[in-house]
Amino acid sequence: MSEILPITCADFDIDAGTFPCDASSIEAVSLGLAAGGVSLLFTFWLFHKLQQAPRGNDLMNKISDQIKSGARAFLSTEYKYLAAFVVVVFAVLIILYTVDPPSGDKTDGIRYGGCFLAGALLSASAGWFGMVVATDANVRTTQAADKEGLNTALRVAFTGGAVMGFTVVGLGLFGVSLMFYLVTLGYDDFHDTKKLIYA
């Protein structure tokens, strides 16, 4: 295994002792964790705001419920096939990085495989939540366009889209930051810079 040369602050024209130079693992991910948390809080607020928009008449609700049922059936089928792919790639990552770990630590396999698995679960969660919100926002947008006009309908539609967007961003930032921090744990013999490189 080739030795990784240490990265220093001078390589990036940054004074030693300033952020992000010489940052600990938790300091390196703190902004990502905070931004992800704020994004998820904003998602819940937008979702609550969307739920206040009226759903329309019985016929609209019946059609909306059928669309939502079809969307859930589609995602359930898709996720069954994706689950098999995720399990295979998870196993391959564990084997590859346990046999030839970049850091020399045999736990690299489970660390990297765990990160992949967490990413797949967060991605699937974002997709499921986004589909539920999108199908619900459709009927609310139709009702708003019918009863209150284009401007109100656009606000409802953009709110529904923003829920999905902020869900993806929030889960992505929070998940990557948290997993990055967890991967750096257990490298007690390494300097902080080296921990960040191997993570």
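The values are calculated or read from the model by the stated rules, or taken from the named source; none is laboratory data. All values reported here derive from a predicted model rather than from experimental measurement. When we count neighbours, we look across all protein chains shown, and the Cβ atoms used for this are built from the backbone with ideal geometry, even at glycine. The area values use the complete protein model at the heavy-atom level, side chains included, leaving out ligands, DNA and RNA. Shrake-Rupley method; radii C 1.70, N 1.55, O 1.52, S 1.80 Å.
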Task: Flag for PHE129 being of a type outside the set (D, E, K, R), farther than 20 Å from LEU33 by Cα, in a helix (DSSP H, G or I) and over 17 Å from the mean Cα position of the chain (by Cα) - done: no
- [ ] Please specify each residue of region 137-158 satisfying the condition of being open to solvent by less than 30 Å² (accessible area, probe 1.4 Å) and more than 16 Å from GLY56 (Cβ to Cβ).
- [x] none
Open item on the list: Just checking, does region 24-31 include any residue being part of a helix (DSSP H, G or I), of a type in the set (Ser, Thr, Tyr) and either modelled with pLDDT under 95 or closer than 20 Å to GLN143 by Cβ (or both)?
Closed with: yes
Task: Yes/no for VAL87 being part of a helix (DSSP H, G or I), farther than 27 Å from PHE47 by Cβ and of a type in the set (A, V, I, L, M, F, W, C) - done: yes
TODO: Pull up region 62-89, narrow it to residues that are open to solvent by less than 60 Å² (accessible area, probe 1.4 Å) and touching a Ser or Thr at 6+ places or on another chain (Cβ under 7 Å), then point me to the one that is farthest from ALA157 (Cα to Cα).
DONE: ALA71
- [ ] Determine whether LEU59 is aliphatic (A, V, I, L, M), modelled with pLDDT under 95 and crowded, with 17+ Cβ neighbours inside 10 Å.
- [x] no
- [ ] For region 102-114, indicate whether the set of residues that are in contact (Cβ under 8 Å) with a residue 40 or more places away in the chain and either open to solvent by 70 Å² or more (accessible area, probe 1.4 Å) or of a type in the set (A, V, I, L, M, F, W, C) (or both) is non-empty.
- [x] no
TODO: State yes or no: is VAL132 in contact (Cβ under 8 Å) with a residue 12 or more places away in the chain, crowded, with 19+ Cβ neighbours inside 10 Å and touching a helix residue (DSSP H, G or I) at 6+ places or on another chain (Cβ under 9 Å)?
DONE: no
Open item on the list: Filter region 161-178 down to the residues that are open to solvent by less than 70 Å² (accessible area, probe 1.4 Å), out of contact with any Leu (no Cβ under 6 Å at 6 or more places or on another chain) and within 18 Å of LYS49 (Cβ to Cβ) and list them by number.
Closed with: GLY161, MET164, GLY165, THR167
